[in-house]
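Novice: Can you read through this structure? Questions will come right after.
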Amino acid sequence: MVDSKTPVLEWQGESNGYLRLLDQTLLPCETKSVECRTVEQVVEAIRSLRVRGAPAIGVAAAYGVVVGVREAASTERSKFDERLSLVIQQLAASRPTAVNLFWALERQRQVAERLPTASPQEVVAALLAEARVIEVEDRSMCAAIGRHGAELLTTGDTVLTHCNAGALATAGDGTALAVIYAAVASGKQIRVFADETRPLLQGARLTAWELSQRGVPVTVICDSMAATVMRQRKVQAVIVGADRIAANGDTANKIGTYSVACLAKMHGIPFYVAAPSSTFDLSLSHGDQIQIEERSAAEITHGFGRQTAPEGIDVYNPAFDVTPAELITAVITERGIIRQVNGDTVRTMLASDRDS
Ligand code: MRU
């Protein structure tokens, strides 16, 4: 039975507790959780997309540090620090593109660094506290993104989205979908086209499920139908999430996002990216420097249990693409909206403490 009551992600208990994740690989048919009590289980959950979406990966990794280091809590501090580095390395190797993962791990590394004389037990407690802060912050970033973005939508609009940048992808209401939820909450009538999002169908399996659970009218289309619905003037805005945004605003998101951005440009439809500041990577000057994850051929040749391509055929399966900043009408962040997306506007927004 499908229900929306199972939390996407939650920590159970205190330092000796565990991370409970809604297993998103089973959606929309089953809502079952998995319990992660070891770092290996958290790494596996991230790698296999049981937990996915850039902000949710970051939050899961922050808790993953706690489950990974606590076995070393009774050792001496130098041994504990070695274990912490190893655990951070293991989690960092789970998926390469979403920068929120590395951002959260860096925050955890700094927690230990700030407590050089603390006992390992005290550091474990501080790491758990920091993971909780990261989770709470993520929730409020989603809410602020929703508030800012809602003003871009007019009642009666239909929004096209790609992949899932909703509650399933964050600790809160999502990024792209938070904008829709906030617009609906303010009384606007909004409909959604969800691209099915080949090859893993995050749009059909997750976005369509999530929106219908929340009572938002949603229509699933194959990715290849986006051009047609735009030409038919059935779409007034595109809103997507992001996995990593370079300093100049170039944005990595789920494979196919770039195609949607080109189509939106061609049809004069605004193309918005919604993302928290934890998704920006100012160390990269432009999007070509973003590492793009390549996933297994089986996702394309044997998707969801049935062989759909010849045995042994050559496959290319990049999980993300990069949309150049010039195709992005605006980036909706928790601090405000970046219009005319470029290095200057990105830097100015991230340096500000607007909103909140
Ligand atoms: O491979 P996934 O499902 O983790 O890809 C997710 C996306 O591309 C999302 O759009 C992105 O992480 C933003 S989630 C708020």
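Novice: Sequence gap at least 6, Cα distance under 8 Å: using those rules, report the relative contact order of the stretch 1-117 to the nearest whole percent. It would help to have the intermediate numbers written out before the result.
Specialist: Numbers: 163 pairs, mean separation 26.7, N = 117.
Relative contact order of the stretch 1-117: 23 percent.
Novice: Mind computing the radius of gyration and Dmax over the alpha-carbon atoms of the stretch 9-142? Å is fine for both.
Specialist: 14.1, 49
Novice: Under 37 °C and 0.692 mPa s, how fast does the stretch 257-356 diffuse according to Stokes-Einstein, given a Kirkwood radius computed over C-alpha pairs? Answer in µm²/s, whole number.
Specialist: On the way: Rh = 16.0 Å.
Approximately 205 µm²/s, per Stokes-Einstein.
Novice: Can you pick out the pairs among K5/K79; K188/K254; K234/K254; K188/K265; K32/K254; K32/K234 whose Cα atoms lie more than 31 Å from each other?
Specialist: Working: K5/K79 41 Å; K188/K254 28 Å; K234/K254 23 Å; K188/K265 25 Å; K32/K254 25 Å; K32/K234 36 Å.
Going by Cα-Cα distance, K5/K79; K32/K234 fall outside the 31 Å limit.
Novice: In the stretch 17-56, which GluC sites (Glu not before Pro) fall in coil by DSSP and have 14 or fewer other Cβ atoms within 10 Å?
Specialist: On the way: sites: E30, E35, E40, E44; in loops: E30.
For GluC sites (Glu not before Pro) across the stretch 17-56 that sit outside H, G, I, E and B with at most 14 neighbouring Cβ atoms in 10 Å, the list reads E30.
Novice: Compute the helix-to-body angle for 54-69: its Cα long axis versus the longest principal axis of the chain, expressed 0 to 90° and rounded to tens.
Specialist: Here the helix axis deviates by roughly 10 degrees.
Novice: Can you find, among S296, S278, A171, the residue sitting farthest towards the positive end of the charge dipole of the chain, where Lys and Arg contribute +1 and Asp and Glu -1 at Cβ?
Specialist: A171
Novice: Here is a follow-up. What fraction of the DSSP beta bridges in the chain is antiparallel, stated in percent and rounded to the nearest 5?
Specialist: Values: 20 of 38 bridges.
Antiparallel bridges make up about 55 percent of those DSSP assigns within the chain.
Novice: If I build a Gaussian network model for the chain, linking alpha-carbon pairs within less than 10 angstrom, which residue out of G174, G149, G187 has the largest mean-square fluctuation?
Specialist: Of G174, G149, G187, the Gaussian network model singles out G187 as fluctuating most.
Novice: Right, next: Across the stretch 121-135, in residue order, what do the Karplus-derived ³J(HN,Hα) couplings come to in whole Hz, using 6.51 cos²θ - 1.76 cosθ + 1.60 with θ = phi - 60° and x for Gly and Pro?
Specialist: 4, 5, 5, 4, 4, 5, 5, 5, 4, 5, 4, 5, 5, 4, 5
Novice: Can you give the relative contact order of the chain as a percent, counting alpha carbon pairs under 8 Å and 6+ residues apart?
Specialist: Values: 759 pairs, mean separation 52.6, N = 356.
Relative contact order for the chain comes out at 15 percent.
Novice: A further question follows. Exactly which GluC sites (Glu not before Pro) in the stretch 73-113 are in a DSSP loop and have at most 13 other Cβ atoms within 10 Å?
Specialist: Working: sites: E76, E82, E106, E113; in loops: E76.
For GluC sites (Glu not before Pro) across the stretch 73-113 that sit outside H, G, I, E and B with at most 13 neighbouring Cβ atoms in 10 Å, the list reads E76.
Novice: Assuming R0 = 51 Å, what is the FRET efficiency of S224 and E106, from their Cβ-Cβ distance, to the nearest 0.05? Don't skip to the end; give the middle numbers.
Specialist: Details: r = 39 Å, r/R0 = 0.76.
The calculated FRET efficiency here is 0.85.
Novice: Next up: Per DSSP helix of 4 or more residues, -39500 (n - 2.57); summed, then divided by the residues of the chain. What does that give at 222 nm, rounded to the nearest 500? Mind showing how you got there, number by number?
Specialist: Values: 11 runs with 132 residues, N = 356.
Value at 222 nm, helices only: -11500 deg cm²/dmol.
Novice: Further question on the same structure: How high is the relative contact order of the stretch 37-106? Use alpha-carbon pairs under 8 Å, at least six apart in sequence, and give a whole percent.
Specialist: On the way: 74 pairs, mean separation 31.3, N = 70.
Answer for the stretch 37-106 is 45 percent.
Novice: Can you tell me the length gained on complete extension of the stretch S119 to A93, counting 0.36 nm per residue apart and subtracting the Cα distance?
Specialist: Numbers: separation 26, 0.36 × 26 = 9.36 nm, distance 2.74 nm.
Computed gain between S119 and A93 is 6.6 nm.
Novice: If you don't mind, there's one more thing I want to ask. If I histogram all Cα-Cα distances within the chain using bins 10 Å wide from 0, what percent of pairs lands in each bin?
Specialist: Over the chain, the share of Cα pairs per 10 Å bin runs 6, 26, 34, 24, 9, 2, 0 percent.
Novice: While we're on this one: Rounded to the nearest 20 Debye, what is the dipole magnitude of the stretch 202-275 about its Cα centre when Lys and Arg each give +1 and Asp and Glu each give -1 at the C-beta? Mind showing how you got there, number by number?
Specialist: Working: 8 positive and 4 negative charges, 45 e Å.
Roughly 220 debye, rounded to the nearest 20.
Novice: As an exercise, use a Förster radius of 51 Å and the Cβ-Cβ distance of I313 and R139 to find the FRET efficiency, rounded to the nearest 0.05. Show your work: numbers first, answer last.
Specialist: On the way: r = 43 Å, r/R0 = 0.85.
Rounded to the nearest 0.05, the efficiency is 0.75.
Novice: Out of all DSSP beta bridges in the stretch 145-351, what portion is antiparallel? Express it as a percent rounded to 5.
Specialist: Numbers: 12 of 30 bridges.
For the stretch 145-351, the DSSP antiparallel bridge percentage is about 40.
Novice: Decide, for the stretch 134-271, between rounded, prolate and oblate: order the square roots of the alpha carbon gyration tensor eigenvalues as a ≥ b ≥ c, take rounded if a/c falls under 1.5, and otherwise choose prolate if a/b is larger than b/c, else oblate. Intermediate values should be presented prior to the final figure.
Specialist: On the way: a/c = 1.36, a/b = 1.19, b/c = 1.14.
Verdict is rounded for the stretch 134-271.
Novice: Pick out, in residue order, every one of the GluC sites (Glu not before Pro) in the stretch 291-356 that is DSSP loop and has at most 12 other C-beta atoms within 10 Å; say none if there are none. Numbers along the way, then the final one.
Specialist: On the way: sites: E293, E294, E299, E311, E326, E334; in loops: E293, E311, E334.
In loop regions of the stretch 291-356 (DSSP not H, G, I, E or B), the sparsely surrounded GluC sites (Glu not before Pro) are E311.
Novice: Shifting gears a bit: For the stretch 239-249, in order, what is each residue's ³J(HN,Hα) by Karplus, 6.51 cos²θ - 1.76 cosθ + 1.60 with θ = phi - 60°, in whole Hz (x at glycine and Pro)?
Specialist: Couplings: 10, 10, x, 8, 9, 6, 10, 6, 4, 8, x Hz.
Novice: Could I ask something else about it? Could you tell me which of S78, N16, A92 has its Cα farthest along the dipole of the stretch 9-142 towards the positive end, charges placed at Cβ (Lys, Arg +1; Asp, Glu -1), taken about the Cα centre?
Specialist: Comparing the listed Cα positions along the dipole, A92 ranks first.
Novice: Right, next: Just how large is the dipole of the chain about the Cα centre, in debye to the nearest 20, putting +1 at every Lys and Arg Cβ and -1 at every Asp and Glu Cβ?
Specialist: On the way: 35 positive and 41 negative charges, 160 e Å.
Rounded to the nearest 20 debye, it is 760 debye.
No value in this document is a laboratory result; all are computed from the given coordinates. Bear in mind that the values here come from a model prediction, so they are computed numbers and not experimental data. Glycine gets a Cβ as well: all are built from the backbone with ideal geometry, and neighbour counts include every protein chain shown.
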